[in-house]
Amino acid sequence: MLTLKAPAKINWFLNVLGTRNDGFHEIQSLIQKVTLYDTLSFSPSADIELRTEAPVPVEENLVFRAAMLLKKMYGINSGAMMTLRKEIPMGAGLGGGSSDAAAALIGLSRLWSLDISIEELGAAAAQLGSDVPFFLYGPMGLALGRGEKIIARKAVRPLDMLLVKPDFSISTAWAYKKLSEKRSGKNEEKDPELTKKTGKVNNIEHFIRSIERAELGGLAVNVSNDLESVAIESFPAIAEIKDRLLAHGAEFSLMSGSGSVVFGVFGSREKAVDASAAFDGFWTAAVQTIVD
(Lines give C-alpha, C1' and ligand atoms only; values in the text may rest on other atoms or scores of the structure.)
Protein backbone atom coordinates (compact mmCIF):
# COMPACT_ATOMS: atom_id res chain seq x y z
CA MET A 1 0.00 0.00 0.00
CA LEU A 2 1.20 3.50 -0.88
CA THR A 3 0.42 6.31 1.59
CA LEU A 4 0.96 10.03 1.01
CA LYS A 5 0.44 13.09 3.20
CA ALA A 6 -1.43 16.01 1.66
CA PRO A 7 -0.45 19.26 3.43
CA ALA A 8 -2.59 22.33 4.01
CA LYS A 9 -1.48 25.78 2.84
CA ILE A 10 -1.78 29.41 3.86
CA ASN A 11 -1.75 32.50 1.66
CA TRP A 12 0.74 35.11 2.84
CA PHE A 13 -1.10 37.57 0.64
CA LEU A 14 -3.74 37.42 -2.07
CA ASN A 15 -4.12 40.15 -4.69
CA VAL A 16 -7.12 39.73 -6.99
CA LEU A 17 -6.19 41.75 -10.06
CA GLY A 18 -9.38 41.40 -12.08
CA THR A 19 -11.64 39.04 -14.02
CA ARG A 20 -10.19 37.20 -17.02
CA ASN A 21 -11.87 36.51 -20.34
CA ASP A 22 -12.33 32.87 -19.29
CA GLY A 23 -14.34 33.93 -16.23
CA PHE A 24 -11.60 33.15 -13.72
CA HIS A 25 -9.88 35.82 -11.65
CA GLU A 26 -6.29 36.92 -12.27
CA ILE A 27 -4.46 36.61 -8.97
CA GLN A 28 -1.08 37.11 -7.36
CA SER A 29 -0.50 35.16 -4.17
CA LEU A 30 2.38 33.83 -2.08
CA ILE A 31 1.39 30.35 -0.90
CA GLN A 32 3.21 28.11 1.57
CA LYS A 33 2.50 24.61 2.83
CA VAL A 34 2.05 24.02 6.57
CA THR A 35 2.28 21.00 8.85
CA LEU A 36 -1.39 20.02 8.87
CA TYR A 37 -2.15 16.97 6.75
CA ASP A 38 -4.81 14.84 5.17
CA THR A 39 -3.67 11.27 4.48
CA LEU A 40 -4.34 9.39 1.25
CA SER A 41 -3.63 5.67 0.77
CA PHE A 42 -3.62 3.72 -2.50
CA SER A 43 -3.83 0.03 -3.33
CA PRO A 44 -4.58 -1.91 -6.54
CA SER A 45 -8.22 -2.55 -7.41
CA ALA A 46 -10.27 -3.42 -10.47
CA ASP A 47 -12.27 -0.18 -10.24
CA ILE A 48 -11.83 3.38 -8.99
CA GLU A 49 -13.02 3.37 -5.38
CA LEU A 50 -12.78 6.04 -2.69
CA ARG A 51 -13.37 5.54 1.01
CA THR A 52 -13.71 8.71 3.05
CA GLU A 53 -15.88 10.30 5.69
CA ALA A 54 -15.73 13.70 3.94
CA PRO A 55 -19.30 15.04 3.52
CA VAL A 56 -19.02 15.28 -0.27
CA PRO A 57 -20.55 12.84 -2.78
CA VAL A 58 -17.77 10.52 -3.95
CA GLU A 59 -18.27 11.47 -7.62
CA GLU A 60 -17.72 15.15 -6.72
CA ASN A 61 -14.68 14.58 -4.51
CA LEU A 62 -11.51 15.97 -6.14
CA VAL A 63 -9.63 12.75 -5.33
CA PHE A 64 -12.13 10.67 -7.30
CA ARG A 65 -12.20 13.25 -10.11
CA ALA A 66 -8.39 13.23 -10.26
CA ALA A 67 -8.37 9.46 -10.62
CA MET A 68 -10.96 9.49 -13.38
CA LEU A 69 -9.13 12.27 -15.22
CA LEU A 70 -5.75 10.51 -15.07
CA LYS A 71 -7.33 7.22 -16.13
CA LYS A 72 -8.92 8.90 -19.16
CA MET A 73 -5.85 10.94 -20.15
CA TYR A 74 -3.52 7.94 -20.22
CA GLY A 75 -5.90 5.13 -21.14
CA ILE A 76 -5.43 3.25 -17.88
CA ASN A 77 -7.30 -0.05 -17.59
CA SER A 78 -6.47 -0.59 -13.93
CA GLY A 79 -8.37 0.82 -10.97
CA ALA A 80 -7.39 1.86 -7.47
CA MET A 81 -8.75 1.68 -3.96
CA MET A 82 -8.13 5.06 -2.30
CA THR A 83 -8.70 5.86 1.36
CA LEU A 84 -8.81 9.51 2.39
CA ARG A 85 -8.53 10.55 6.04
CA LYS A 86 -9.33 14.22 6.57
CA GLU A 87 -7.67 16.48 9.14
CA ILE A 88 -7.79 19.74 7.15
CA PRO A 89 -11.16 21.43 7.68
CA MET A 90 -13.29 22.14 4.63
CA GLY A 91 -14.34 25.64 3.57
CA ALA A 92 -11.37 27.02 5.48
CA GLY A 93 -9.09 28.54 2.84
CA LEU A 94 -6.42 25.92 3.60
CA GLY A 95 -6.58 24.11 0.25
CA GLY A 96 -7.37 20.68 1.64
CA GLY A 97 -9.36 19.46 -1.35
CA SER A 98 -6.78 20.79 -3.80
CA SER A 99 -3.94 19.17 -1.86
CA ASP A 100 -5.84 15.87 -1.80
CA ALA A 101 -6.26 16.07 -5.59
CA ALA A 102 -2.55 16.71 -6.12
CA ALA A 103 -1.67 13.79 -3.83
CA ALA A 104 -4.06 11.60 -5.83
CA LEU A 105 -2.32 12.53 -9.09
CA ILE A 106 1.10 11.77 -7.61
CA GLY A 107 0.02 8.56 -5.88
CA LEU A 108 -1.83 7.14 -8.86
CA SER A 109 1.00 7.95 -11.25
CA ARG A 110 3.21 5.81 -9.00
CA LEU A 111 0.63 3.05 -8.47
CA TRP A 112 0.04 2.79 -12.22
CA SER A 113 3.77 3.19 -13.06
CA LEU A 114 3.12 6.15 -15.34
CA ASP A 115 6.28 7.70 -16.74
CA ILE A 116 5.04 11.30 -16.81
CA SER A 117 6.69 14.56 -15.85
CA ILE A 118 5.59 16.99 -13.18
CA GLU A 119 4.67 19.37 -16.00
CA GLU A 120 2.25 16.81 -17.42
CA LEU A 121 0.77 16.26 -13.98
CA GLY A 122 0.48 20.04 -13.70
CA ALA A 123 -1.64 20.15 -16.87
CA ALA A 124 -4.00 17.60 -15.33
CA ALA A 125 -4.00 19.46 -12.01
CA ALA A 126 -5.05 22.72 -13.67
CA GLN A 127 -8.17 20.99 -15.00
CA LEU A 128 -9.19 20.09 -11.45
CA GLY A 129 -8.82 23.49 -9.81
CA SER A 130 -6.73 26.64 -9.66
CA ASP A 131 -4.96 25.70 -6.39
CA VAL A 132 -4.16 22.11 -7.35
CA PRO A 133 -0.95 22.75 -9.39
CA PHE A 134 0.75 24.48 -6.43
CA PHE A 135 0.68 21.28 -4.36
CA LEU A 136 2.71 19.42 -7.00
CA TYR A 137 5.69 21.67 -6.43
CA GLY A 138 7.87 22.85 -3.57
CA PRO A 139 6.81 24.15 -0.18
CA MET A 140 6.42 27.80 -1.18
CA GLY A 141 5.59 29.53 -4.45
CA LEU A 142 4.25 32.70 -6.02
CA ALA A 143 0.99 31.82 -7.78
CA LEU A 144 0.07 33.83 -10.88
CA GLY A 145 -2.58 33.65 -13.59
CA ARG A 146 -5.67 32.05 -12.09
CA GLY A 147 -3.30 30.34 -9.64
CA GLU A 148 -1.94 27.62 -11.94
CA LYS A 149 1.37 29.37 -12.75
CA ILE A 150 3.84 28.73 -9.93
CA ILE A 151 7.20 30.44 -9.39
CA ALA A 152 9.12 28.54 -6.71
CA ARG A 153 10.41 30.51 -3.72
CA LYS A 154 12.67 29.24 -0.95
CA ALA A 155 12.38 29.86 2.80
CA VAL A 156 15.33 29.51 5.17
CA ARG A 157 13.51 28.29 8.30
CA PRO A 158 10.00 27.38 9.44
CA LEU A 159 7.73 29.90 11.12
CA ASP A 160 5.32 29.02 13.92
CA MET A 161 1.67 29.93 13.58
CA LEU A 162 -1.76 29.29 15.02
CA LEU A 163 -4.66 28.51 12.72
CA VAL A 164 -8.10 29.48 14.02
CA LYS A 165 -11.39 28.51 12.38
CA PRO A 166 -14.75 29.87 13.51
CA ASP A 167 -17.86 27.68 13.45
CA PHE A 168 -18.65 28.49 9.82
CA SER A 169 -17.11 27.85 6.42
CA ILE A 170 -16.80 30.15 3.42
CA SER A 171 -17.26 29.09 -0.19
CA THR A 172 -14.49 30.23 -2.53
CA ALA A 173 -17.05 30.95 -5.25
CA TRP A 174 -19.08 33.07 -2.82
CA ALA A 175 -16.04 35.12 -1.77
CA TYR A 176 -14.98 35.92 -5.34
CA LYS A 177 -18.56 36.74 -6.31
CA LYS A 178 -18.88 39.16 -3.40
CA LEU A 179 -15.59 40.83 -4.30
CA SER A 180 -16.69 41.25 -7.93
CA GLU A 181 -20.00 42.75 -6.79
CA LYS A 182 -18.21 45.15 -4.45
CA ARG A 183 -15.90 46.33 -7.20
CA SER A 184 -18.45 46.46 -10.01
CA GLY A 185 -19.92 49.76 -8.88
CA LYS A 186 -16.58 51.46 -8.33
CA ASN A 187 -14.58 53.63 -10.71
CA GLU A 188 -11.08 52.16 -10.53
CA GLU A 189 -9.47 55.44 -11.55
CA LYS A 190 -11.08 57.31 -8.64
CA ASP A 191 -11.33 54.57 -6.04
CA PRO A 192 -8.54 55.04 -3.43
CA GLU A 193 -8.87 51.42 -2.28
CA LEU A 194 -8.01 50.08 -5.73
CA THR A 195 -5.24 52.67 -6.16
CA LYS A 196 -3.74 51.56 -2.86
CA LYS A 197 -3.99 47.92 -3.97
CA THR A 198 -1.96 48.71 -7.10
CA GLY A 199 0.81 49.96 -4.84
CA LYS A 200 0.69 46.69 -2.90
CA VAL A 201 1.09 44.69 -6.11
CA ASN A 202 4.17 46.69 -7.00
CA ASN A 203 5.82 46.20 -3.59
CA ILE A 204 5.37 42.52 -2.88
CA GLU A 205 8.98 41.46 -3.60
CA HIS A 206 10.19 43.06 -0.39
CA PHE A 207 7.54 41.15 1.55
CA ILE A 208 8.39 37.84 -0.15
CA ARG A 209 12.06 38.24 0.70
CA SER A 210 11.15 38.97 4.32
CA ILE A 211 9.17 35.73 4.47
CA GLU A 212 12.00 33.81 2.80
CA ARG A 213 14.41 35.12 5.45
CA ALA A 214 11.86 34.59 8.26
CA GLU A 215 12.07 38.26 9.23
CA LEU A 216 8.80 38.88 11.07
CA GLY A 217 9.15 42.60 11.69
CA GLY A 218 6.92 44.79 9.54
CA LEU A 219 5.15 41.95 7.76
CA ALA A 220 1.83 43.78 7.68
CA VAL A 221 3.16 46.61 5.51
CA ASN A 222 1.78 46.70 1.95
CA VAL A 223 0.26 43.22 1.95
CA SER A 224 -3.29 41.97 2.38
CA ASN A 225 -5.87 39.45 1.29
CA ASP A 226 -8.37 41.09 -1.05
CA LEU A 227 -11.03 38.54 -0.09
CA GLU A 228 -10.71 39.33 3.61
CA SER A 229 -12.65 42.61 3.55
CA VAL A 230 -15.69 41.09 1.84
CA ALA A 231 -15.59 38.13 4.21
CA ILE A 232 -15.51 40.46 7.23
CA GLU A 233 -18.54 42.40 5.95
CA SER A 234 -20.63 39.23 6.18
CA PHE A 235 -18.68 37.47 8.93
CA PRO A 236 -17.33 40.02 11.46
CA ALA A 237 -15.91 37.14 13.52
CA ILE A 238 -13.00 37.10 11.05
CA ALA A 239 -11.90 40.55 12.22
CA GLU A 240 -12.46 39.59 15.85
CA ILE A 241 -10.18 36.55 15.47
CA LYS A 242 -7.48 38.69 13.85
CA ASP A 243 -7.64 41.22 16.68
CA ARG A 244 -7.55 38.51 19.34
CA LEU A 245 -4.54 36.82 17.73
CA LEU A 246 -2.65 40.11 17.71
CA ALA A 247 -3.68 40.84 21.30
CA HIS A 248 -2.26 37.46 22.35
CA GLY A 249 1.15 37.95 20.79
CA ALA A 250 0.84 37.28 17.06
CA GLU A 251 3.28 39.36 15.03
CA PHE A 252 1.15 39.12 11.89
CA SER A 253 -2.38 37.91 11.21
CA LEU A 254 -4.40 37.39 8.05
CA MET A 255 -7.27 35.36 6.69
CA SER A 256 -6.03 32.52 4.48
CA GLY A 257 -7.39 32.27 0.94
CA SER A 258 -11.16 32.68 0.87
CA GLY A 259 -11.41 31.84 4.59
CA SER A 260 -12.72 31.13 7.07
CA VAL A 261 -9.43 30.24 8.78
CA VAL A 262 -7.33 33.09 10.14
CA PHE A 263 -3.66 32.52 10.94
CA GLY A 264 -1.38 34.32 13.35
CA VAL A 265 2.43 34.16 13.15
CA PHE A 266 4.23 33.78 16.48
CA GLY A 267 7.84 33.87 17.62
CA SER A 268 7.73 30.27 18.85
CA ARG A 269 5.51 27.20 18.97
CA GLU A 270 5.06 27.72 22.71
CA LYS A 271 3.61 31.20 22.11
CA ALA A 272 1.27 29.84 19.44
CA VAL A 273 0.04 27.05 21.73
CA ASP A 274 -0.43 29.49 24.62
CA ALA A 275 -2.51 31.78 22.38
CA SER A 276 -4.83 28.90 21.49
CA ALA A 277 -6.24 29.09 25.03
CA ALA A 278 -7.93 32.35 23.99
CA PHE A 279 -10.03 30.49 21.41
CA ASP A 280 -12.07 28.07 23.47
CA GLY A 281 -14.84 26.67 21.27
CA PHE A 282 -12.95 27.32 18.03
CA TRP A 283 -11.06 24.79 15.92
CA THR A 284 -7.36 25.57 16.31
CA ALA A 285 -4.07 24.05 15.18
CA ALA A 286 -0.52 25.11 16.06
CA VAL A 287 1.55 24.44 12.93
CA GLN A 288 4.79 25.37 11.22
CA THR A 289 5.43 26.46 7.68
CA ILE A 290 7.16 23.81 5.56
CA VAL A 291 10.49 24.87 4.06
CA ASP A 292 11.80 21.74 2.26
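Inside the range 16-45, residues that are buried (at least 20 other Cβ atoms within 10 Å of the Cβ) and within 26 Å of A285 (Cα to Cα) make up a count of 10.
Given the criteria in contact with a Ser or Thr (Cβ under 6 Å, 6 or more places away or on another chain) and either at pLDDT 95 or above or of a type in the set (S, T, Y) (or both), does G79 qualify?
Yes.
Does the range 112-124 include one or more residues that are more than 19 Å from D38 (Cα to Cα), acidic (D, E), outside the structural domain of A173 (by TED's automatic domain parsing) and surrounded by 15 or more Cβ atoms within 10 Å (Cβ to Cβ)? Within the range 112-124 (the criterion being more than 19 Å from D38 (Cα to Cα), acidic (D, E), outside the structural domain of A173 (by TED's automatic domain parsing) and surrounded by 15 or more Cβ atoms within 10 Å (Cβ to Cβ)), the answer is yes, since at least one residue qualifies.
Per-residue answers, yes or no, for (1) within 18 Å of the chain's Cα centre (by Cα); (2) surrounded by 23 or more Cβ atoms within 10 Å (Cβ to Cβ); (3) not assigned by TED's automatic domain parsing to the domain that holds F13:
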position: A237; (1), (2), (3): no, no, yes
position: E240; (1), (2), (3): no, no, yes
position: G249; (1), (2), (3): no, no, yes
position: G259; (1), (2), (3): yes, yes, yes
position: V262; (1), (2), (3): yes, yes, yes
position: G267; (1), (2), (3): no, no, yes
position: A272; (1), (2), (3): no, yes, yes
position: W283; (1), (2), (3): yes, no, yes
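Taken together, the residues in the range 248-268 that are over 28 Å from G97 (Cα atoms) and touching a helix residue (DSSP H, G or I) at 6+ places or on another chain (Cβ under 6 Å) amount to 2. Determine, yes or no, whether L40 is in contact with a strand residue (DSSP E or B) (Cβ under 8 Å, 6 or more places away or on another chain), modelled with pLDDT of 95 or more and of a type in the set (A, V, I, L, M, F, W, C). Criteria met by L40. None of L245, L219 is farther than 26 Å from S98 by Cα, at pLDDT 95 or above and crowded, with 17+ Cβ neighbours inside 10 Å except L245.
F13: among the aromatic types (F, W, Y) and either in contact with an Asp or Glu (Cβ under 7 Å, 6 or more places away or on another chain) or not in a strand (DSSP E or B) (or both), yes or no?
On the way: among the aromatic types (F, W, Y): yes; either in contact with an Asp or Glu (Cβ under 7 Å, 6 or more places away or on another chain) or not in a strand (DSSP E or B) (or both): no.
Against the criterion (among the aromatic types (F, W, Y) and either in contact with an Asp or Glu (Cβ under 7 Å, 6 or more places away or on another chain) or not in a strand (DSSP E or B) (or both)), F13 does not qualify.
Among the criteria (1) out of contact with any helix residue (DSSP H, G or I) (no Cβ under 7 Å at 6 or more places or on another chain); (2) at pLDDT 95 or above; (3) not hydrophobic (A, V, I, L, M, F, W, C), the one P166 does not fulfil is (1). Take the conditions closer than 30 Å to E270 by Cβ, among the aliphatic types (A, V, I, L, M) and touching a residue at least 12 places away in the same chain (Cβ under 8 Å) and apply them to L111. Does it pass? Spelling it out, it is not the case that L111 is closer than 30 Å to E270 by Cβ, among the aliphatic types (A, V, I, L, M) and touching a residue at least 12 places away in the same chain (Cβ under 8 Å).
The values are calculated or read from the model by the stated rules, or taken from the named source; none is laboratory data. Note that the structure is a prediction, hence the values are computed from the model and not measured. Methodologically, a virtual Cβ is constructed for each residue, glycine included, from the backbone with ideal geometry; neighbour enumeration extends over all protein chains shown.
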